[in-house]
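Remarks on the structure that follows.
The values are calculated or read from the model by the stated rules, or taken from the named source; none is laboratory data. Owing to the predicted nature of the structure, the values given are computational and were not obtained by experimental measurement. For neighbour counting, all protein chains shown are included, and Cβ atoms are generated from backbone atoms with ideal geometry for every residue, glycine included. Remember, those area values only see protein heavy atoms, side chains included, never the ligands or the DNA or RNA. Shrake-Rupley method; radii C 1.70, N 1.55, O 1.52, S 1.80 Å.
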Amino acid sequence: MFWMLGEWTWSLFAYVLKIEPYPSIADVFYVFGYVFEVIGFTYLAVKSFAARKDLKTLIIWLISAAVIVMGVTSYLLNWIIFPFQEWGSSLETILDVYYPVASAILLVSSI
């Protein structure tokens, strides 16, 4: 729902009002969309493993996922984002770092 609201808001700014939509209020919806999506995938994993009463495997998977996320995040930040980034305002800088990192976290949590 948050991503849908973000897309609608972004489209309103870009196509109807002809305003550059980055950064805008649409980014608030996108940020919350990532947060709730990761929470949802994590909740699903915890409930699935708890139903099977296999908490040892759950802990191993969660630790493995955390290590993968840290590795992917480190790679993204050090080799892709920081060297090629043209830094703008503080908000743009935060969002330029947040979106790829959040996408990596979301990818790992969905797997």
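Numbers below:
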| quantity | calculated |
| --- | --- |
| Qualifying trypsin sites (Lys or Arg not before Pro) for the stretch 1-98 [loop in DSSP, other Cβ within 10 Å: at most 16] | 18, 52, 53 |
| Over the chain: helical MRE at 222 nm, DSSP H runs n ≥ 4 each giving -39500 (n - 2.57), nearest 500 | -24000 deg cm²/dmol |
| Of 48, 89, 64, the one that fluctuates the most in a GNM where the chain has Cα springs shorter than 10 Å | 89 |
| Answer label for semi-axes √(5λ) of the Cα gyration tensor in Å (calculated), chosen among (1) 32, 20, 7; (2) 31, 14, 10; (3) 21, 16, 12 | (1) |
| Anchor residue 18: lysines whose Cα lies under 16 Å away (excluding residues fewer than 8 positions away in-chain) | none |
| Förster radius 22 Å - calculated FRET efficiency between residue 64 and residue 3 (Cβ-Cβ, nearest 0.05) | 0.25 |
| Phi-based couplings in Hz for the stretch 86-101 (Karplus 6.51, -1.76, 1.60; Gly and Pro marked x) | 9, 6, x, 6, 4, 5, 4, 4, 4, 5, 5, 8, 5, 4, x, 5 |
| For the chain: accessible area per residue (Å², 1.4 Å) | 70 Å² |
| Sulfur and carbon atoms: percent of accessible area, the chain [1.4 Å] | 74 percent |
| Rounded FRET efficiency, nearest 0.05, which uses the C-beta distance separating residue 75 from residue 39 and R0 of 22 Å | 0.35 |
